[in-house]
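Worksheet: one structure, shown below.
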Amino acid sequence: MVATSRPSAHPLSTLVTRLETGGALLPETPDNLLEVVGVLKSYGIVLDAYWQNLTYIANHQFLVLFPVFKYFNGEVTLPKLLRHLGHDRINYEFAEYCMKSMFWHGGGGLDTYLDSPEFLTRARAAIQAKLRPNLPMRGINRLFPDFLPEQVRVMAYYSALGQFWRVMSHMFLELSDLYDQGKIRAIADVVAHIQQRLVDAASLPITYAVTVHGQRYDIIPESAGLTFLADTAVPYIEAVFLRSFPFFGTVSYNAQAHQISAHQEDFNYGALFADPLPIGGAGIPPTLLMQDMSHFIPDYLHAFYMNSSRGEDDLRVKICVSFQKSMFCVTTAAILGTLPHPLDTAELPQQQANRAYIEGWVDRLAESRLLSVQ
Amino acid sequence: MLSVLIWLPLVGVIVIGCLPQAVSASRIRQIALVLTTGVLAWTGILISQFDISLSGLQFQESLPWLDTLGLTYQLGMDGLALPLVGMSSLLIWLSIYSSDANVTRPRLYYCLMLILSAGVAGAFLAQNLLLFFLFYEVELVPLYLIIAIWGGARRGYAAMKFLIYTAVSGILILAAFFGLALLSGTFSFDYDVVKHQTLPLGTQVVLLVVLLIGFGIKIPIVPLHTWLPDTHVEAPTPVSVLLAGVLLKLGTYGLLRFGLGLFPDAWQVLAPGLAVLAVINVLYGSFVAIAQTDMKKIVAYSSVGHMGYILLAIAVASPLSIAGAIAQMVSHGLISGLLFFLVGVVYAKTGTRDVTVLRGLLNPERGLPLIGTLMIAAAMASAGIPGMVGFVAEFIVYRSSILVFPIPTLLCMIGTALTAVYFLNLINRVFFGRLSDPVSNLPAIYWKDRIPSIVILALVITLGLQPNWMMRWSERTSLALGSLATEHSITSLAPLMRDGLIEIFRTPSVMPAHLSPHLPTL
């Protein structure tokens, strides 16, 4: 596809060349395809539940001080409570961890907007409306005037991540349907599908409004100009894929031993870097997400997992490995979708710029699980 | 009744030996299991029929065999033999249960295991010196063959070393028995007959030293121990279990039965030296265990150390210490068996026992979390944590020895602490941390792999919480053996041992009425 004059001299030149020729970070094998599509189907189902809950919290738990039933999506019944207590439920906490990761790392237009005077004005209006009949909350607001606006920022992230995952959920479920129809036959098809759907949704507006006492308050109006790709997808990949990810119980870091970078932008504890093997004997599964996805693994992928030596015992580890493979496909789509120049450009300077861009990404992913999935 | 324990496995040998070649290994294993289940059940019946108020031999059998040689088929069981027979029946059953279902040459393998079962039972039950020697030698053959055929890479070397050491042990024991028979003038090998003969103290000491070296090889006493780590490392797991759990006990059993039992006067002369040897065993075994990197060698040297506690107890030779020695024999048999089973599972699943390679095996998803948990429990038991049988045994040993041999006892207590050092070191290196990459894709583990360890651990905890269920069987025999020694004692502490310490573990059921209100029970 591309014909640069010299092959890449990068230590991971195989990967650079593969990306330059339209391939993916993940090698093209039938097993990889099966794993990626299968796990993305279950991920799509789980994301569907996550985005609905995030949206519910953003819209209906707005400035609720003790949102005890925030994971119930408004359906508080005894059977559901018992199921919840018996842990027969989706781990919505995971979605919140991702939201908090985005919130902490920031980035994109959303972060900028939430620090703007316009946001503060809109947030204060909604806060005043919400506090009018609530004396304790008014007291809190008087004592700590920055507290409730910060909570509104958090609510905005709930909503933004919900909107982002809504698109992603549909994208992954559509991918699974296409695979079932025989239209997805290679990893390259997976990457192409994701890339195309990201492009399709790129300019979707990200908005957030709450209704308080029958009155609608726009927190993020469409006029703020926030869009799907630049203001949610890219910050999400930066925060969750690269910088941090709530793989609790997998690795312990000691900041005092300088195992944590002093610079937030250098963090590399994201999903693509996470160790799928849990540490020690605490019995903590490799993330709540893997536990959630384990309920929705398609039969063909489950059969594939059962063929391995440990069978059901290490199901969550295997899901985690497959999940990381699938996320390398999403990352490939993001890299190819954000190349400075078309991949098939004939201009040498453009090819060199593309190569530099790709090599920068490969450098950044060199310490990730990338090499272990080759 | 006792003959069943010997002849049922031998009938099994004939049955399995006559099976056609086409019979599968798993079917042969089932037959062996059925037979050893019969032995185990019969042992249970014997235990239920055993009268704990008697100190002498029970279920005695006597048949003439080669009268001209003094060899008679005399069997009997007392409180010393009963716990060891019970433990060996259980461990042999578990060893056959845990044997590889697809073992090569299964007919030979299971025949040898059954011969071993018969030999061990015969040795514990024999009441004729020559008969004991015969059974003592009989168990040597199957062990040698099993190690030589199914052992590890250096099995030839290990099996030959085991054969030479144990053969020398047998020769020395036979020499001592012949010497006793000749010098006593009776030329009898009947235990009850020779027991009541009198010999000059010097002669007794010489014969006892010969016996001590003979049984010392089997125990093993440092520096006669070098065969043990090599044999353990090369032996298959079931044999390691039996070696540590049962066969080493033949040495301490022999010392008690034939050393202390036949030469109580000489025993008093050699006892201080034996206590020193006990300390050397404990400290040497523990320090060398700390330096090992092979899990099996760590457990093997741990065995060397823990056999030192038994030596210390039998050096004291008071009723309480004899009870402690028997308890420690049972305790060590169970705990070392448990440790070898667990190491065997780790080796079978990971292909290595090297603590520098293994790491993170407690990993809940891809490691061996239950095996790791059991290993932690086994290490706790071995280190004498209260609530487990190891604590009971070591406490009784120390309680009985502290006044007689205070310095050796304190030094042995250091050995107990060192047990925690090498086992915690092992656990820390092998089971904690991130699962090392070479073993990050282990094969599945099945309940069959776990059950033997769980059964033994259940016993270790049960007997730790309710030690009287273990002690009551050997109470009267301990009293008799200990009294035998104290009556011949040349130490001024004898009356205290007889009248003071003994009551510490007396139970109301067999205690003199005038003492019972004042004495605690275990």
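With charges set only on the Cβ (+1 for Lys and Arg, -1 for Asp and Glu), what does the dipole of chain B come to about its Cα centre, in debye to the nearest 20?
1320
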- Item | Cβ-defined net charge surrounding A:Asn268, 13 Å radius [Lys, Arg +1; Asp, Glu -1] | -3
- Message: I need to check one value: relative contact order of segment A:135-218, counting alpha carbon pairs closer than 8 Å and at least 6 residues apart, in percent.
- Response: 24
- Item | Point-to-point label distance, B:Asp67-B:Leu424, nm (Cα→Cβ direction, 7 Å offset) | 6.5
- Nonlocal amide H pairs with A:Tyr217, under 5 Å, H built at 1.01 Å: A:Val210, A:Thr211, A:Val212
- Roughly how crowded by other chains is peptide B:429-438, in terms of the mean Cβ count from those chains within 10 Å of each of its Cβ atoms? 2
- Message: Could you check the spin-label model distance between A:Thr14 and A:Ser203? Points 7 Å from the Cα along Cα→Cβ, value in nm.
- Response: 4.1
- Under the rule of -39500 (n - 2.57) per DSSP H run of 4 or more residues, summed and divided by the residues of chain A, what mean residue ellipticity at 222 nm is obtained, to the nearest 500 deg cm²/dmol? -17500 deg cm²/dmol
- Item | Karplus-derived 3J(HN,Hα), 6.51/-1.76/1.60, for each residue of segment B:308-314, Hz, glycine and proline x | x, 5, 5, 4, 4, 5, 6
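Of all alpha-carbon pairs in the protein assembly as shown, indicate the percentage at a distance above 56 angstrom.
35
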- Note on the structure: Of segment B:259-273, those with amide N under 15 Å from the point 7 Å along the Cα→Cβ vector of B:Thr198 are B:264-266
- Item | Cα gyration tensor shape of segment B:107-169, rounded if a/c is under 1.5, else prolate or oblate by comparing a/b with b/c | oblate
- Task: Go through B:Ser26, B:Val13, B:Gly433 and say which Cα lies farthest out towards the positive end of the charge dipole of chain B; charges sit on Cβ, +1 for Lys and Arg, -1 for Asp and Glu.
- Result: B:Gly433
- Task: Pairs of Cα atoms under 8 Å, at least six residues apart: use those to get the relative contact order of chain B, whole percent.
- Result: 15
- Query: How far apart, in nm, are the 7 Å Cα→Cβ label points at A:Asp115 and A:Arg185?
  - Reply: 5.0
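Just to verify a number: FRET efficiency for A:Glu93 and A:Arg6, C-beta to C-beta distance, R0 = 45 Å, to 0.05? Could you put the intermediate results ahead of the total?
Values: r = 50 Å, r/R0 = 1.11.
Rounded to the nearest 0.05, the efficiency is 0.35.
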- By per-residue mean of other Cβ atoms within 10 Å, what is the highest-first order of A:337-346, B:190-199? B:190-199, A:337-346
- Of B:Pro443, A:Val37, A:Leu370, which is farthest on the positive side of the dipole of the protein assembly as shown, counting Cα position, with +1 on Lys and Arg Cβ, -1 on Asp and Glu Cβ, and the Cα centre as origin? B:Pro443
- Message: How large is the translational diffusion coefficient of segment B:3-518 in µm² per second when you combine the Kirkwood radius over alpha carbon pairs with Stokes-Einstein at 10 °C and 1.306 mPa s?
- Response: 69
- Note on the structure: The long-range amide H neighbours of B:Ile385, using H built 1.01 Å from N in the peptide plane and a cut-off of under 5 Å, are B:Phe391
- Query: Efficiency by 1/(1 + (r/R0)^6): what FRET value for A:Ala255 and A:Ser372, r their Cβ-Cβ distance, R0 = 25 Å, to the nearest 0.05?
  - Reply: 0.45
- Note on the structure: Largest fluctuation, A:Pro79, A:Pro11, A:Pro149 only, Gaussian network model of chain A with Cα springs under 10 angstrom, belongs to A:Pro79
- Message: From the phi angles alone, apply the Karplus equation (6.51, -1.76, 1.60; θ = phi - 60°) to segment A:288-294 and give each ³J(HN,Hα) in whole Hz, x where the residue is Gly or Pro.
- Response: 5, 4, 5, 5, 5, 5, 4
- Item | Global geometry of segment A:63-196, whether rounded, prolate or oblate, following the gyration tensor of its Cα atoms and the 1.5 cut on a/c | oblate
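So how much slack lies between B:Arg154 and B:Asn441, counting 0.36 nm per residue of separation and subtracting their Cα-Cα distance, in nm?
That works out to 100.6 nm of additional length.
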- Query: Farthest toward the dipole's positive end in chain B, which of B:Tyr301, B:Phe215, B:Val343, given Cβ charges of +1 (Lys, Arg) and -1 (Asp, Glu) about the Cα centre?
  - Reply: B:Val343
- Message: Could you order the peptides A:165-171, B:74-80 from most to least packed, using the average number of other C-beta atoms within 10 Å per residue?
- Response: B:74-80, A:165-171
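Assuming a ≥ b ≥ c are the square roots of the Cα gyration tensor eigenvalues, decide whether chain A counts as rounded (a/c under 1.5), prolate (otherwise, with a/b larger than b/c) or oblate.
prolate
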- Whichever aspartates and glutamates have a C-alpha closer than 18 Å to that of A:Lys183, once near sequence neighbours (fewer than 8 apart) are set aside: A:Glu28, A:Asp31, A:Glu35, A:Glu174
- For B:Tyr73, other-chain or 5+-apart residues with amide H closer than 5 Å (H placed, Pro excluded) are B:Leu63, B:Trp65
- Query: What are the lysines whose alpha-carbon lies under 19 Å from the alpha-carbon of B:Lys218, with same-chain residues fewer than 8 places away excluded?
  - Reply: B:Lys161, B:Lys249, B:Lys296, B:Lys297
- Item | Dipole in debye (nearest 20) - the protein assembly as shown, about Cα centre, beta carbon charges: Lys, Arg +1; Asp, Glu -1 | 740
- Query: Which whole number gives the average, over all residues in A:306-315, of C-beta atoms from other chains lying within 10 Å of the residue C-beta?
  - Reply: 4
- Using a Förster distance of 60 Å, the FRET efficiency for A:Glu75-B:Val269 (Cβ separation, nearest 0.05): 0.10
- Item | Debye log10 I(q)/I(0) for segment B:342-404, one point scatterer per Cα, at q = 0.14, 0.21, 0.30 Å⁻¹ | -0.54, -0.83, -1.20
- Whole-Hz ³J(HN,Hα) from phi, Karplus 6.51 cos²θ - 1.76 cosθ + 1.60, for segment B:195-206, glycine and proline x: 4, 9, 7, 10, 9, x, 4, x, 5, 4, 4, 4
- Query: Which of the peptides B:442-448, B:326-332 is most tightly packed, and how do the rest follow, going by the mean number of other Cβ atoms within 10 Å of each residue?
  - Reply: B:326-332, B:442-448
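Quick note: the coordinates plus some simple rules give every number you see, no bench work behind them. Quick caveat: nothing in here was measured; it's all calculated off a predicted structure. Because the Cβ atoms are built from the backbone with ideal geometry, glycine has one as well, and the counts that use them run over all protein chains shown.
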